[in-house]
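**Student:** A single structure is presented below for examination.
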Amino acid sequence: MTKWIDDFLALAKYQNFSTAAESIYISQSALSKHIKAIENELGIVLFIRSNTKAELTEAGNVYLEYALNIRKCTQDLRTKLEKFGTSCYVTELTVGTIPCLAESGIMQLLLNFQEKFGNYSIQIVEGDQSNLLKLLSQQEIDAAICRTDLMKDTEYDTVSLVSDEMVLICSKNVFPFEQGSEIDLNGFKFDNIYTIAKESDIYRLTKKQLYDIGYTGSIAGTFPRHMMLLSFLSQKGGCAILPRQLANLQMFPNLTYYRIRDSVKTNIGFAKLSSNCINPQLVDKSNMLYEYLKEQKELMPES
């Protein structure tokens, strides 16, 4: 989803494949393939194409905001690394992450680590929890930022960094309460409830929350990304149960969220394979970041 960010931003700016391709020095056919690859991965159409124009769809405008944030984070990281460019030896760390860096504040921790230890270079790979753990077990990534409460202690060394809770997101006219109020959902009758795709960790957390409040109905539908889900709720109605950090509702003024009494809690943190599972060389490679994050966790105020 993040591989062709510059291609997407160029087309969003010029709204023409030929002009956009020239601006980033690639062929028009290559640009078209890259945009199509993003759309296929997301499962949505980002541009309405005509003979002369490529205009953003509503989903494309949602993606645009995140693409700009991703590019800014990348530029900030490069700026902070410039003074370390003369290092004679650089250790490259590939860190997989669920879509949470911007909302959780963990990106800043990674930037701080990069600034302190200039001989480390962090490459970010985004994916869902199950795929990240598969890549980690196959040693195709060095570590992962994921939901640590869903992991087996015997297989991983983990540091929980951010606590979160499941909340209800719906239209403002569903309940006569202030945003963020705690409500009791036991026995509540949902007309249509939606969440993230079945392979995601959020789907499992949602199912657990529904079970805990005694809900026996089925989920009406799922979406690949939470911004697509929020856009749907804003237009069509219904409700969703998501982690609080994903209740970013500035773009959807008709939506609100409520805390759930006895909500399901979840932790996001850093994970690497246990030293009992892999060879010492790989443990040493990711251990510096692991120890740094453990130290930062001890300095954080209790939530």
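**Student:** Might you let me know whether the stretch 125-141 holds any residue that is modelled with pLDDT of 85 or more, open to solvent by 60 Å² or more (accessible area, probe 1.4 Å) and of a type in the set (Lys, Arg)?
**Tutor:** Yes, because at least one residue in the stretch 125-141 is modelled with pLDDT of 85 or more, open to solvent by 60 Å² or more (accessible area, probe 1.4 Å) and of a type in the set (Lys, Arg).
**Student:** Another one. What is the number of the single condition among (1) open to solvent by 20 Å² or more (accessible area, probe 1.4 Å); (2) in a helix (DSSP H, G or I); (3) among the hydrophobic types (A, V, I, L, M, F, W, C) that MET251 does not meet?
**Tutor:** So MET251 meets the others, but not (2).
**Student:** When you look at ALA21, is it touching an Asp or Glu at 6+ places or on another chain (Cβ under 9 Å) and either part of a helix (DSSP H, G or I) or under 17 Å from GLU126 (Cβ atoms) (or both), yes or no? Before the answer, list the steps.
**Tutor:** Details: touching an Asp or Glu at 6+ places or on another chain (Cβ under 9 Å): yes; either part of a helix (DSSP H, G or I) or under 17 Å from GLU126 (Cβ atoms) (or both): yes.
The answer is yes for ALA21.
**Student:** I've got another one for you. Checking the condition of a type in the set (Val, Ile, Thr), at negative phi, open to solvent by less than 50 Å² (accessible area, probe 1.4 Å) and modelled with pLDDT under 90, which residue from ILE26, ILE5 passes?
**Tutor:** Details: ILE26 fails: open to solvent by less than 50 Å² (accessible area, probe 1.4 Å).
Residue meeting the stated conditions: ILE5.
**Student:** Name the residues in the stretch 138-157 that are of a type outside the set (A, V, I, L, M, F, W, C) and under 30 Å from TYR194 (Cβ atoms), would you? If you could, list the steps in order and put the result at the bottom.
**Tutor:** Going residue by residue through the stretch 138-157, those that are of a type outside the set (A, V, I, L, M, F, W, C) are 138-140, 142, 147-149, 152-157.
ARG147, THR148, ASP149, LYS152, listed by residue number.
Conditions (1) in a loop (DSSP other than H, G, I, E, B); (2) within 17 Å of LEU42 (Cβ to Cβ); (3) open to solvent by less than 20 Å² (accessible area, probe 1.4 Å), marked per residue:
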residue: LYS189; (1), (2), (3): yes, no, no
residue: LYS198; (1), (2), (3): yes, yes, no
residue: ILE219; (1), (2), (3): yes, no, no
residue: THR222; (1), (2), (3): no, yes, no
residue: MET228; (1), (2), (3): no, yes, no
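**Student:** A further question on this structure: Identify, please: which residue in the stretch 143-158 is outside any strand (DSSP E or B) and of a type outside the set (A, V, I, L, M) and is, among those, least open to solvent (accessible area, probe 1.4 Å)? Can you show your working first?
**Tutor:** Start the filter on the stretch 143-158 by keeping residues that are outside any strand (DSSP E or B), which leaves 148-155.
After this cut, where a residue has to be of a type outside the set (A, V, I, L, M) as well, the list is 148-149, 152-155.
Working: THR148: 13, ASP149: 66, LYS152: 130, ASP153: 129, THR154: 111, GLU155: 71 Å².
Applying the filter and picking the extreme gives THR148.
**Student:** Please enumerate the residues belonging to the stretch 105-119 that are under 23 Å from the mean Cα position of the chain (by Cα) and surrounded by 15 or more Cβ atoms within 10 Å (Cβ to Cβ).
**Tutor:** Listed by number, the residues that qualify are ILE106, MET107, LEU109, LEU110, LEU111, PHE113, GLN114.
**Student:** Which condition from (1) touching a residue at least 24 places away in the same chain (Cβ under 8 Å); (2) outside any strand (DSSP E or B); (3) over 19 Å from the mean Cα position of the chain (by Cα); (4) within 29 Å of VAL159 (Cα to Cα) is the one that TYR211 breaks?
**Tutor:** Among (1) touching a residue at least 24 places away in the same chain (Cβ under 8 Å); (2) outside any strand (DSSP E or B); (3) over 19 Å from the mean Cα position of the chain (by Cα); (4) within 29 Å of VAL159 (Cα to Cα), TYR211 violates only (1).
**Student:** Within the stretch 41-59, can you find the residues that are in contact (Cβ under 8 Å) with a residue 40 or more places away in the chain, open to solvent by less than 40 Å² (accessible area, probe 1.4 Å) and under 17 Å from PRO224 (Cα atoms)?
**Tutor:** If the condition is that a residue be in contact (Cβ under 8 Å) with a residue 40 or more places away in the chain, open to solvent by less than 40 Å² (accessible area, probe 1.4 Å) and under 17 Å from PRO224 (Cα atoms), then LEU42, ILE44, ALA59 are the ones that fit.
**Student:** A follow-up question, please. So if I check each of LYS172, LYS208, LYS236, which one is touching a strand residue (DSSP E or B) at 6+ places or on another chain (Cβ under 7 Å), open to solvent by 80 Å² or more (accessible area, probe 1.4 Å) and of a type in the set (D, E, K, R)? Break it down into steps so the answer makes sense when it comes.
**Tutor:** On the way: LYS208 fails: touching a strand residue (DSSP E or B) at 6+ places or on another chain (Cβ under 7 Å); LYS236 fails: touching a strand residue (DSSP E or B) at 6+ places or on another chain (Cβ under 7 Å).
None of the other options fit; the residue is LYS172.
**Student:** Take TYR66 and tell me if it is among the aromatic types (Phe, Trp, Tyr), part of a helix (DSSP H, G or I), out of contact with any strand residue (DSSP E or B) (no Cβ under 9 Å at 6 or more places or on another chain) and at pLDDT below 90.
**Tutor:** So TYR66 passes the test.
The values are calculated or read from the model by the stated rules, or taken from the named source; none is laboratory data. As the structure is a prediction and not an experimental result, all values here were calculated from the model. Neighbour counts are summed over all protein chains in view; Cβ atoms, including those assigned to glycine, are modelled from backbone coordinates with ideal geometry. With ligands, DNA and RNA removed, areas are computed over all heavy atoms of the protein, side chains included. Shrake-Rupley method; radii C 1.70, N 1.55, O 1.52, S 1.80 Å.
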